[in-house]
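Take a look at the structure below.
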Amino acid sequence: MPLSRMIKIASFISVLIFFSSAVLSQNDIWNEKQCAVVLTYDDGTDFHLDNVIPVLDSLNLKATFYIPGNSSSLYKRMDEWRAAAKNGHELGNHTLFHPCHGKSLGRKWVKPDYDLDDYTVVRFINEARVNNTLLKAIDGKDKRTFAYTCGDTTAGKESFVPQIKKMFVAARGTKRGTNTLKNADLYDLKIFSVKNQNADELIGAVKDAQEKGVLLIFLFHGVGGGSPYSISAEEHSRFVHYLKQNENNTWIAPMVEVAEFIKNGQE
């Protein structure tokens, strides 16, 4: 073989190796995994204690539970929530009374006492701060993340996001999408909202995240009941078993842990 042809082949192989390494280093960025998945569950219900935490614990998977301070489950079963936190799950802040904008958005189900249309930023932040105190009394932790109720970020017409940034490591929003390490907005993290999908649809989303090397945050409400957007306990179990089987390339961790990792990567 002519020397010139050998040089061209060697150069081509070098280019292939370079680009392969670049792709690998791009994807292999989430705590030495291809992608990251955070499981979040809203509103602190009995269905989470009964249908979610047992299966997660059996697989040694950790999640984030966004709990409002007035959760009846938190009041009745506080020792179980404390045990969940001790076992590595995050108890995230979901405000004290779960207020949302009501009248202005036609949400007739919002109670007048907890309509963000009539809140001030001071009232909202004070209630979030009280819930932080309550959650710290349960888990003893100073750092946690926040989830905007109904995705709302204003009290009246004034944004409370600047104050949220001072109080929390990160905040989860309700905009659909994925998050990159460098460009993630830590105070409006995008999500995949689970609304009666089956396990195959959730698994498909994870496979896509694995290919793209991004962070995928799942937002669950009911599991086996408890919400109009409930996924069955069987489908949820099938999904988290898939995650366990893919731990070699998927980092599964609570929101606060992943948010700290992102923050360090963006500095």
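Every number here is computed from the coordinates shown, using simple stated rules; none is lab data. This is a predicted model, so every value here is computed, not measured. Here the Cβ positions follow ideal geometry from the backbone for every residue, glycine too, while neighbour counts run over all protein chains shown.
Restricting the range 112-141 to residues that are of a type in the set (Ser, Thr, Tyr) and within 16 Å of Lys157 (Cβ to Cβ), the residue that is surrounded by the fewest Cβ atoms within 10 Å (Cβ to Cβ) is Thr120.
For beta carbons closer than 6 Å, sequence separation of 6+ or different chains, a first residue in the range 207-234 that is surrounded by 15 or more Cβ atoms within 10 Å (Cβ to Cβ) and a second that is part of a helix (DSSP H, G or I) and of a type in the set (Phe, Trp, Tyr), the qualifying pairs are Gly222/Phe47; Val223/Phe47; Gly224/Phe47; Gly226/Phe47. For Arg172, the criteria (1) touching a Cys at 6+ places or on another chain (Cβ under 6 Å); (2) under 30 Å from Glu234 (Cα atoms) hold in every case but one, which is (1). Filter the range 95-134 for residues that are touching a helix residue (DSSP H, G or I) at 6+ places or on another chain (Cβ under 8 Å), free of Cβ contacts under 8 Å to residues at least 24 places away in the same chain and not in a loop (DSSP other than H, G, I, E, B) and give the result. If the condition is that a residue be touching a helix residue (DSSP H, G or I) at 6+ places or on another chain (Cβ under 8 Å), free of Cβ contacts under 8 Å to residues at least 24 places away in the same chain and not in a loop (DSSP other than H, G, I, E, B), then Lys103, Ser104, Pro112, Asp115 are the ones that fit.
Inclusion of Ala155 among residues that are touching a strand residue (DSSP E or B) at 6+ places or on another chain (Cβ under 6 Å) and buried (at least 17 other Cβ atoms within 10 Å of the Cβ) is not warranted. Taken together, the residues in the range 140-161 that are in contact with a His (Cβ under 9 Å, 6 or more places away or on another chain) and either assigned to a helix (DSSP H, G or I) or of a type in the set (Asp, Glu) (or both) amount to 3. When the range 162-196 is filtered for residues that are in a strand (DSSP E or B) and loosely packed, with under 14 Cβ neighbours inside 10 Å, the ones remaining, listed by number, are Lys175, Arg176.
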